[in-house]
1. Consider the stretch 1-27. How many of its residues are of a type outside the set (A, V, I, L, M), open to solvent by 80 Å² or more (accessible area, probe 1.4 Å) and either closer than 13 Å to Met68 by Cβ or assigned to a loop (DSSP other than H, G, I, E, B) (or both)?
2. Taking Val113 as meeting all but one of (1) crowded, with 19+ Cβ neighbours inside 10 Å; (2) under 23 Å from Phe12 (Cβ atoms); (3) within 14 Å of the ligand (Cβ to nearest atom), write down the number of the exception.
3. Go through (1) part of a helix (DSSP H, G or I); (2) modelled with pLDDT under 95; (3) open to solvent by 70 Å² or more (accessible area, probe 1.4 Å) and name the single condition Ala33 misses.
4. If you take the residues of the stretch 101-110 that are part of a loop (DSSP other than H, G, I, E, B) and open to solvent by 70 Å² or more (accessible area, probe 1.4 Å), which of them is farthest from the ligand (Cβ to nearest atom)?
5. Taking the condition open to solvent by 50 Å² or more (accessible area, probe 1.4 Å), within 9 Å of the ligand (Cβ to nearest atom), touching a Pro at 6+ places or on another chain (Cβ under 8 Å) and among the β-branched types (Val, Ile, Thr), does Ile43 pass?
6. When you scan the stretch 53-63, how many residues do you find that are within 7 Å of the ligand (Cβ to nearest atom) and open to solvent by 20 Å² or more (accessible area, probe 1.4 Å)?
7. Given the residues Val49, Val82, which is the only one that is of a type outside the set (Gly, Ala, Ser), in contact with a Phe, Trp or Tyr (Cβ under 9 Å, 6 or more places away or on another chain) and more than 25 Å from Asn16 (Cα to Cα)?
8. For the structure I just gave you, tell me whether Thr66 is assigned to a helix (DSSP H, G or I), in contact with a Ser or Thr (Cβ under 7 Å, 6 or more places away or on another chain), more than 8 Å from the ligand (Cβ to nearest atom) and among the β-branched types (Val, Ile, Thr).
Amino acid sequence: SAFDRIISSGGFVFINTGQAPDATVIPISHELAESAFDSAACIGCGACVATCKNGSAALFTSAKITHMALLPQGKEERSERVLNMVKQMDLESFGHCTNTEACEVECPQGISVLNIARMNFEYNKALFFKKK
Ligand code: SF4
């Protein structure tokens, strides 16, 4: 599906991390871990797209991008990831987000539209440094 292709374009970590390390090896604050987990809670149900008058997949895509961008394991590839995932989202012909916030209201997982703000921040930052 279109969601699968968006995930395939960058919604994972390329690095072979080997076996799972002890949970205490990489120090992550409780607040950061909770915030990343809130974004990771997206189940890909598509209710956000269905309710959006523009047919935008911004909430789904941004939840995946934010989840990875907040954690140390995902930071290394964050620029490449956001550029590829947003590009794929556009290729799939989803509409543009116009901040109606209907997606957040309908989302069964309570994914916040702040994820979309994070995605736009990550995207603009990646574009800025790519041009230099
Ligand atoms: S409605 Fe929420 S849980 Fe479902 S795909 Fe959209 S962001 Fe993910």
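1. 9
2. Only one criterion is unmet by Val113, namely (2).
3. Result: Ala33 fails condition (3) only.
4. Only one residue fits best here, namely Glu101.
5. In short, yes.
6. 0
7. Exactly one residue qualifies, and that residue is Val49.
8. yes
The values are calculated or read from the model by the stated rules, or taken from the named source; none is laboratory data. Predicted, not measured: the structure shown is a model, and the values here were computed from it. Ideal geometry is used to build each Cβ from the backbone, glycine not excepted, and the neighbour counts take in all protein chains shown. Ligands, DNA and RNA are excluded from the accessible area calculation, which covers all protein heavy atoms including side chains. Shrake-Rupley method; radii C 1.70, N 1.55, O 1.52, S 1.80 Å.
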